[in-house]
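First the structure, in the form of structure tokens, and then the observations on it.
The values are calculated or read from the model by the stated rules, or taken from the named source; none is laboratory data. These numbers were taken from a predicted model, which means no experiment stands behind them. A quick note on method: Cβ atoms are made from the backbone with ideal geometry, for glycine too, and the neighbour counts reach across all protein chains shown. Note: accessible area is taken over every heavy atom of the protein model, side chains too, but ligands, DNA and RNA are not part of it. Shrake-Rupley method; radii C 1.70, N 1.55, O 1.52, S 1.80 Å.
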Amino acid sequence: MPKMKSHRGACKRFKKTASGKIKRERMNGSHNLEKKNRKRTRRLHQSTLVDGSQEKQIKRMILA
């Protein structure tokens, strides 16, 4: 039986934490920053966890 391949694009975007949850970066944090206020840009540069409804799907993609 052939070995399963991981989704390379997903591997670059998601990381598994020590507790087994999936971490991701927030969107819209890397362009048009002069239009966004400072509070919003600081929040966008913080990582967050993936929603529980998508966690199983992403774990399958990154073979976690």
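Longer than 21 Å from Cα to Cα, which of K15/K56; K23/K59; K23/K56; K16/K39; K16/K56; K39/K59 are they? Say none if no pair is. Intermediate results must be reported in sequence, preceding the final value.
On the way: K15/K56 13 Å; K23/K59 11 Å; K23/K56 13 Å; K16/K39 27 Å; K16/K56 12 Å; K39/K59 31 Å.
Check vs 21 Å cut-off fails for K16/K39; K39/K59.
Could you provide, to the nearest whole Å², the per residue accessible area of the chain with probe 1.4 Å? Each step should come with its number before you reach the end.
Numbers: 5700 Å² over 64 residues.
The answer is 89 Å² per residue.
In degrees from 0 to 90, rounded to the nearest 10, what is the angle of the helix 52-61 Cα long axis to the longest principal axis of the chain?
60
List, largest first, the extents of the alpha carbons of the chain along their principal axes, each in whole Å.
Per principal axis, max minus min of the Cα coordinates gives 52, 22, 19 Å.
If packing is taken as the average count of other Cβ atoms within 10 Å, what order do 34-43, 16-25, 1-10 fall into, highest mean first? Intermediate results must be reported in sequence, preceding the final value.
Details: 34-43: 10.5, 16-25: 12.5, 1-10: 8.9.
The peptides rank, most packed first, as 16-25, 34-43, 1-10.
Considering only M4, I62, N37, whose Cα is most displaced toward the positive end of the charge dipole of the chain, charges sitting on Cβ of Lys, Arg (+1) and Asp, Glu (-1)?
The one lying farthest along the dipole's positive direction is N37.
Taking all protein chains in place and a 1.4 Å probe, what share, in percent, of the accessible surface of the chain do carbon and sulfur account for? Let's see the in-between values first.
Working: 2810 of 5700 Å².
About 49 percent, which is the carbon plus sulfur part of the accessible surface.
Which value, in debye to the nearest 20, gives the size of the charge dipole of the chain about its Cα centre, when Lys and Arg are +1 and Asp and Glu are -1 at the Cβ?
Numbers: 21 positive and 4 negative charges, 27 e Å.
Using only the charged Cβ atoms, the result is roughly 140 debye.
At 222 nm, what value in deg cm²/dmol follows for the chain if DSSP H runs of at least 4 each add -39500 (n - 2.57) and the sum is divided by all its residues, to the nearest 500? Mind showing how you got there, number by number?
On the way: 3 runs with 23 residues, N = 64.
The helix contribution divided over the chain gives -9500 deg cm²/dmol.
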